[in-house]
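The values are calculated or read from the model by the stated rules, or taken from the named source; none is laboratory data. Keep in mind that what you see is a predicted model, and the values were worked out from it rather than measured. Cβ placement follows ideal geometry from the backbone for every residue including glycine, while neighbour counts extend to all protein chains displayed. For the accessible areas, the whole protein counts, side chains as well, though only heavy atoms, and no ligand, DNA or RNA atoms are used. Shrake-Rupley method; radii C 1.70, N 1.55, O 1.52, S 1.80 Å.
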Amino acid sequence: MIDDITAAKDAALAEVERADSLDAIVALEPRLLGKKGSLGSLKAQLGSLSSVDDKKVAGQALNEATQAVESALSARRDSLGDAALAALVAHERLDLTESAGRPTRGHAHLVTQAWERLEDVFIGLGFQVAEGPEVETDWHNFEALNMGEGHPARGEFDTLFVDYAPPGGTAGRTVLRTHTSPVQIRTMLTAEPPIYIVAPGRVFRRDTPDATHMPVFHQIEGLVVDRHITLADLAGTIEAFTKAFFGPGFTSRLRPSYFPFTEPSAEFDIQRPDGSWLELGGCGMVHPNVLRAGGIDPDEWSGFAFGFGIDRMAVMRHQVADLRDMYADDLRFAEQF
Ligand code: DAH
């Protein structure tokens, strides 16, 4: 019987040695140590031994064999566990020094780039940068810009209304500004002429996004108020800006148009070196009613204003086919620039 016990133990130990995964160990355990295993069935035969001494010796040998198999299983389980953990750690390892020496550099959003370049060019022409709130009163956004209640031009702005009253505003008559022109009013009310400002900023209109429209977009407004300002100053400024921003091969023209806040009003286009024209924005001489709303005497001062879209400048410059791509936050798009 002792020989059988030794043989069963050796066979069991060899099986433990061959187990190559934690799953295999788990499956092996009941088979080697259970009642139906070879050691288990030898234990069942103990009762049939006639001599007490033989029983004692065989029982002891069986206990030792069982313990040997148990400790072999647990040692094997530990070492397979360590190996599995090591493999997991190696697999999930993150090399945080990976980019050392090769830092990746991002860049500003295309609209931010255009916005900052526009500011640079106008600062170079002697302008200061002004700003105003995005949540605006009806008065600043429309009324003070010569668009009183019921003015048909209001209909051209697909206005988003806000259910909130800002300081000095009235609930239900508060809007997300539809253009940067209210900054003209805010600047005139707080600064003494001469005024030479540009006001870039975010504007809002009730529009369904498509390739050329977004409900949130950007404009830059310009306002000059000084003595003896004429249409020639406006045309000259637009021309100087065109050459500084687009390049010496570009030129500009004004086309008669209508805006309630300027009189006369014009649209301005730029001509590319290939001769083609591109519509850029609106401009004109500041309407006397607008100067008065800004607390400025139109008999003493005159001025011009202009406004145009920034997003379009970025789209043009980089030949982006769909405006929505600019706001999708897709790295595959952003990394092209
Ligand atoms: N506010 C106008 C718009 O959003 C653009 C504009 C036109 C601004 C003429 C001006 C201007 O300052 O003089 O459509």
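Shown for region 110-334: the carbon plus sulfur share of the solvent-accessible area, taken with all protein chains present and a 1.4 angstrom probe, equals 53%. Using only the alpha-carbon atoms, how far is helix 2-18 inclined from the longest principal axis of the chain? Give it as 0 to 90 degrees, nearest 10. It works out to around 10 degrees. Counting only lysines at least 8 places from residue 35 when in the same chain, those with an alpha carbon closer than 17 Å to its own are 9, 43.
Taking Cα atoms only, the orientation of helix 52-92 departs from the longest principal axis of the chain by about 20 degrees. Of 232, 12, 153, the residue with the greatest mean-square motion in the GNM of the chain, using alpha carbon springs below 10 Å, is 12.
In the full protein context, the chain carries 56 Å² of accessible surface per residue, based on a 1.4 Å probe and ignoring ligands, DNA and RNA. For region 25-33, backbone phi angles converted through the Karplus equation (6.51, -1.76, 1.60; θ = phi - 60°) give residue-by-residue couplings of 4, 4, 6, 6, 3, x, 5, 7, 9 Hz, Gly and Pro being listed as x.
Here the 3J(HN,Hα) profile of region 172-181, calculated from phi with Karplus coefficients 6.51, -1.76 and 1.60 at θ = phi - 60°, is x, 10, 10, 10, 7, 3, 8, 7, 8, 4 Hz, Gly and Pro shown as x. In the chain, the calculated helix contribution to ellipticity at 222 nm averages -13000 deg cm²/dmol per residue, counting -39,500 (n - 2.57) for every DSSP H run with n ≥ 4.
Considering only trypsin sites (Lys or Arg not before Pro) in DSSP loops that have at most 16 other Cβ atoms within 10 Å, the longest stretch of the chain without any of them is 228-337.
Residue 302 sits among other residues whose Cβ lies under 14 Å from its own Cβ, and their net charge, with Lys and Arg +1 and Asp and Glu -1, is -4.
Computed over neighbours whose Cβ is under 14 Å from that of residue 136, the net charge equals +1, Lys and Arg +1, Asp and Glu -1.
Each listed q (0.17 Å⁻¹) maps to a log10 I(q)/I(0) for region 116-255, found by the Debye formula over equal Cα scatterers with no solvent: -1.07. Tally Lys/Arg at +1 and Asp/Glu at -1 over every other residue whose Cβ is under 11 Å from the Cβ of residue 260; what's the total? Here the count lands on -2.
Can you work out the PRE-style zone for residue 78? Point 7 Å along Cα to Cβ, and I want the residues of region 8-29 with backbone N under 20 Å. Of the residues in region 8-29, 13-29 have backbone N under 20 Å from the label point off residue 78. Average 1/r across all pairs of distinct alpha carbons in region 2-92, invert it, and you get the Kirkwood radius: 14.2 Å. Listed values for region 322-327 are Karplus-derived 3J(HN,Hα) couplings in whole Hz (6.51 cos²θ - 1.76 cosθ + 1.60, θ = phi - 60°), namely 10, 4, 5, 4, 5, 10, and x replaces Gly and Pro. Placing unit charges on each Cβ (+1 for Lys and Arg, -1 for Asp and Glu) gives region 252-336 a dipole about its Cα centre, and among 318, 331, 278 the Cα reaching farthest toward its positive end belongs to 278.
Apolar share of the accessible surface for region 2-92: 55 percent from carbon plus sulfur atoms, 1.4 Å probe. Convex hull volume per residue, computed on the Cα atoms of the chain, equals 260 Å³.
If a spin label sat at a point 7 angstrom from the Cα of residue 318 along the line to its beta carbon, the backbone N atoms of region 103-125 nearer than 13 Å would be those of 106-116.
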